[in-house]
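Everything below concerns the one structure shown next.
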Amino acid sequence: MLFHSIIFLFGFLPLTWGVFRLLAAVHRERAAMGWIVLMSLVFYGYWNPAYLLLIIGSIGVNYSIGSRIGPADGVGSAAVRRWLLYAGLAFNLGLLGYYKYANFFIDSFNAVSGLSFNFTHVILPLGISFFTFQKIAYLIDAYSGRTGRYTLLEYAFFVTFFPQLIAGPIVQHSQIIPQLEDPKTFRFRPIDIGVGLTIFAIGLFKKMVLADGSAIYVGPVFDAAVQGHALSVGAAWGGALAYTFQLYFDFSGYSDMAIGLARLFGIKLPINFDAPYRATSIVEFWRRWHITLSRFLRNFLYIPLGGNRHGILIRYRNLLVTMLLGGLWHGAGWTFVLWGGLHGAYLIVNHAFDAILPRRLASSLSGSSLARLAGWALTFLAVVVAWVFFRARDLSSASHLLATMFGGSSGASPVTLDSPWLWLAAVGVVAFAFPSTHDYLSRFTPVLDPPPERSRYMGIAWQPTFFHGLAIGLLVFLIFRKYFVLQPTEFLYFNF
Amino acid sequence: MLRYFGGILLGFLIAAGIWTALVLDSLGIPGSHGDRVLSTWYRVKVDAARAIKRPKIVLLGGSNVLYGLRASEIERRLGIPCVNFGTHAGLPCAYLFERARMILRRGDILVLSMEWGYLSAPLDMVTPVFSGRVLSGDAPYFWRMNPAAQALMVFSAPPGRLLLPFAVGRSESAAIQDAYRDALLAHDLDAQGDLIANRPDQRAKPVLEELAGGHSGWWETRGASEDAPYWQAVREMVVWTRKRGIRMFYAAPALLRRAAEGAPEAQRYFSDAERHYEALGVDVLTRQADNFYPPELMFDSLYHLNAEGAARRTEALIQALEPAAKAHFLKN
């Protein structure tokens, strides 16, 4: 079920919210949580009921292991607990490996060896990459004694809560379950409705108007690259930039919708995007883009690998490995691995540059507008180049597109393409200059762990007033209009 | 909070009102190149049909007729005036039929050659082509549509349409339309509405090669069943034409020859449909089984013949039509 489908907006959501509020109003908090878990499973099973068994079984196994491996659980020696942890990790990674990577590894092996092993084509269960990470984080925290004594219901709520189930934000148990233990969460507050619906509307607008509007300039260019057609330099750049904005508005729109929906139920989710295309370095970009994934990779991969504790070379190796695996997490394909590797290399260059730059020069550069502009331009360019690999169907079409972008056109294009420049200018203004969703809602702390308030946006920050209502009403109309024009499309991040 | 939600409602209504007013203000002004071409096709074809003062033959369908039949050749060979009223299969069946009713006169012959997709499509499906056509060049039709279809057309209009009255203006738009007509008549269309720009040397070979492995799957729909809306529309057209002494025929569209449409289930679907036409009293002049063409005779799509293919298809139609047409016109 898609968040922007009619059945979700006018069937599933009102029913789920209404019954939840009714149960919460009569102080049946556990029943309200149970209702959300049930409806989240309906939400998940609507796509493919067969995979309900997978998610329910996986919840059972992880909860059962997680509640036995804590230092205070006393179910066995440290070695037994450690082996139980390994078994849990192997179970989760095994499921992910089977469903997401089996075909990729067998195809790659066949390509390298010249053999032809056959393997049944497996359909990727929705959201498996996201909820697998949440369960792994839970197991590791349980083993380290960083979890409380959660009930199965609380744990199931944490994993299945439908706003974040399919495409994140990747939440941690410590972010969600304590909210469930707070009675205020279940109290009806009109401001939650105002804030939640506003964030949801902004997310829907980003997805349906900005991302889908950008998409029409993306497909023809990347398809032409697959066909090997010649493209003009402008067309190649237009396609790459359009995808840069499409992906951002698609995924940040989805995150906004998830955050807004959760807020309708009194739950706050962590921030996932913080105007990433305004970053002035790659390091800053990764603090702003898919923040919950970056945090997971840092805490559960980069730091366990040694982080920056064993010298520069080991640090760079760790960065590269983390980003390569981060790339592979996004998709079982060499283009994703290359995208991750490219970002790993960017990060290494960024850290090396910071390391060799004299401190005094660095501090004077950080205060210089020109240096910040140059840093922003270089960062944005690097990100756009990497997105070409991310979107391309294969390495040869990515190379073809990049060669055109930087080497010039290879001839007259047989494909007629619409000019994207006016559209790109419009979405560029939104991405670069408009307040981000949480900047706009900053007076009402829309997310967990919000970044510091940006004073330049405080003058226009959202308040539940008539005039802000008029502005959101305009967005709602533009969304409404899109239902007449296009069939809803899936979110890009459902594929990951 | 109530004020906030009141603001949302009012903001929505104001935006919807402004949008609607601007789209309605742009009625009759073609927005895109495609809208202008389609408007010009209709203008040329309607002018050609209305200029004929005696019984005539009207060839009706989507672009398979436009590209694949030569009204001028039929007229020359049979000595009966003929108009190519084929336009675009993105226009719904109800619209094509209504426009045809406006030019058909007592004693005419109507040769129907509808694309197969029509059999399973809603009669009044709002497509971008249809919306562009109606908003650009058929305001009276817009006002006759039901409110739901009107709303669909208004809200699906591209944002650029809102600026048309300011950017182009009506008088300037009329001058542009005249220039389009002159240009199309000089290069693309003949006076009977036949497309003459589909030269064999300009056929889109890569597109045709890509199409060769495709699969239309029409036979997987319920289009051939008698209760499909399409057949209801044909039935009504038969009644309407009979009342006016107009003879109605069916000619199968030209199709690119490929494995998918040659399969037994596809053949069964085509012959079932042809039987439906006959059951409704519409004589079948040419059958689908005889209307598959090799890629060399196609132009740029599954349905579009090039000039050489069009000549061949027209010849087959003339052979089939001649006796019936002569008998009909003798009687009338």
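Restrict the search to segment A:294-402; then list the trypsin sites (Lys or Arg not before Pro) that DSSP places in a loop and that have at most 10 other Cβ atoms within 10 Å of their Cβ. Each step should come with its number before you reach the end.
Details: sites: A:295, A:298, A:309, A:315, A:317, A:359, A:360, A:372, A:391, A:393; in loops: A:309, A:393.
Qualifying residues, ordered by number: A:309.
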Practice problem: Rounded to whole Å and sorted largest first, list the principal axis extents of the Cα atoms in segment A:66-160. | Solution: 52, 30, 16
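So if I place +1 on the C-beta of Lys and Arg and -1 on the C-beta of Asp and Glu, and nothing else carries charge, what would the dipole magnitude of segment B:241-302 be about its Cα centre? I want it in debye, nearest 20.
Working: 9 positive and 9 negative charges, 86 e Å.
The dipole magnitude comes to about 420 debye.
One-quarter of the Cα convex hull surface for segment A:1-132, in nm²?
Mean projected area for segment A:1-132: 12.0 nm², to one decimal.
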Self-check item: Rounded if a/c under 1.5, otherwise prolate or oblate - segment A:98-219, Cα gyration tensor axes
Solution: oblate
Quiz prompt | Neighbour-count ranking [beta-carbon atoms within 10 angstrom, fewest first] of B:205, B:53, A:268 | solution = B:53, B:205, A:268
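If you filter segment A:65-129 for chymotrypsin sites (Phe, Trp or Tyr not before Pro), then keep DSSP loop positions with at most 15 other Cβ within 10 Å, what is left?
Working: sites: A:83, A:86, A:91, A:98, A:99, A:101, A:104, A:105, A:109, A:117, A:119; in loops: A:117, A:119.
Loop-located and lightly packed - A:117, A:119.
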Self-check item: Cα gyration tensor shape of segment A:157-275, rounded if a/c is under 1.5, else prolate or oblate by comparing a/b with b/c
Solution: prolate
Self-check item: Share, in percent, of DSSP beta bridges within chain B that are antiparallel, nearest 5
Solution: 10 percent
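So what is the relative contact order for segment B:48-189, in percent, with contacts set as C-alpha pairs under 8 Å and at least six apart?
Values: 142 pairs, mean separation 31.8, N = 142.
Computed value for segment B:48-189: 22 percent relative contact order.
I need B:115, B:322 ordered by Cβ neighbour count within 10 Å, fewest first.
Values: B:115 22, B:322 14.
With the sparsest Cβ surroundings first, the list reads B:322, B:115.
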Self-check item: Order of A:191, B:109, A:59 under a 10 Å beta carbon neighbour criterion, fewest first
Solution: A:191, A:59, B:109
Self-check item: Vicinal HN-Hα couplings computed from phi for segment B:193-210 (Karplus, 6.51 cos²θ - 1.76 cosθ + 1.60; Hz; Gly/Pro x)
Solution: x, 6, 7, 10, 8, 8, 5, x, 6, 10, 5, 8, 4, x, 5, 5, 5, 5
Quiz item: Once amide H atoms are built 1.01 Å from N in the peptide plane, which residues 5 or more positions from residue B:249, or in another chain, come under 5 Å H to H?
Solution: B:110, B:111, B:112
Quiz item: In whole Hz, what ³J(HN,Hα) sequence does segment A:104-116 give by Karplus (6.51, -1.76, 1.60; θ = phi - 60°), x for Gly and Pro?
Solution: 5, 5, 5, 4, 5, 4, 4, 5, 6, 8, x, 8, 9
Self-check item: segment A:72-164: trypsin sites (Lys or Arg not before Pro) falling in loop per DSSP and having at most 11 other Cβ within 10 Å
Solution: A:149
Quiz prompt | Neighbour net charge for residue B:278 - beta-carbon separation under 12 angstrom, K R +1, D E -1 | solution = -1
Practice problem: Starting from the Cα gyration tensor of segment B:93-178, take the square roots of the eigenvalues, sort them a ≥ b ≥ c, and report rounded, prolate or oblate (rounded when a/c is under 1.5, otherwise prolate if a/b is larger than b/c, else oblate). | Solution: oblate
Practice problem: Per DSSP H run of at least 4 residues, take -39500 (n - 2.57); add these up for chain B, divide by its residues and hand me the 222 nm value, nearest 500 deg cm²/dmol. | Solution: -17500 deg cm²/dmol
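For Cα pairs less than 8 Å apart in space and 6+ apart in sequence, what is the mean separation divided by the residue count of chain A, i.e. the relative contact order in percent?
Working: 643 pairs, mean separation 89.3, N = 496.
For chain A, the relative contact order is 18 percent.
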Practice problem: Per residue of A:194-201, count partner chain C-beta atoms within 10 Å of its C-beta, then hand back the mean as an integer. | Solution: 1
Self-check item: Amide proton proximity set for residue A:166, modelled H, under 5 Å, gap of 5+
Solution: none
Quiz item: Taking Rh as the Kirkwood radius computed over C-alpha pairs, what is the Stokes-Einstein D of the protein assembly as shown at 10 °C in a medium of viscosity 1.306 mPa s, expressed in µm² per second?
Solution: 52 µm²/s
Exercise. Quick one: check the C-alpha center-to-center distance for segment A:37-55 versus segment B:281-325, whole angstrom.
Key: 53 Å
Quiz item: So what J values fall out for segment A:312-324 if you push phi through Karplus, 6.51 cos²θ - 1.76 cosθ + 1.60 with θ = phi - 60°, rounded to Hz, Gly and Pro as x?
Solution: 5, 5, 5, 4, 5, 4, 4, 4, 5, 4, 4, 6, 4
Exercise. In whole angstrom, note down how far apart the Cα centers of segment B:196-236 and segment A:312-357 are.
Key: 50 Å
Practice problem: Please report how far the C-alpha centroid of segment B:1-49 lies from that of segment B:133-159, rounded to the nearest whole angstrom. | Solution: 7 Å
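Read-outs throughout are calculated quantities, based only on the coordinates presented, and are distinct from any laboratory measurement. What you see is a predicted model; the values in this text were computed from it and never measured. Here the Cβ is made from the backbone with ideal geometry for all residues, glycine too, and neighbour counts use every protein chain on show.
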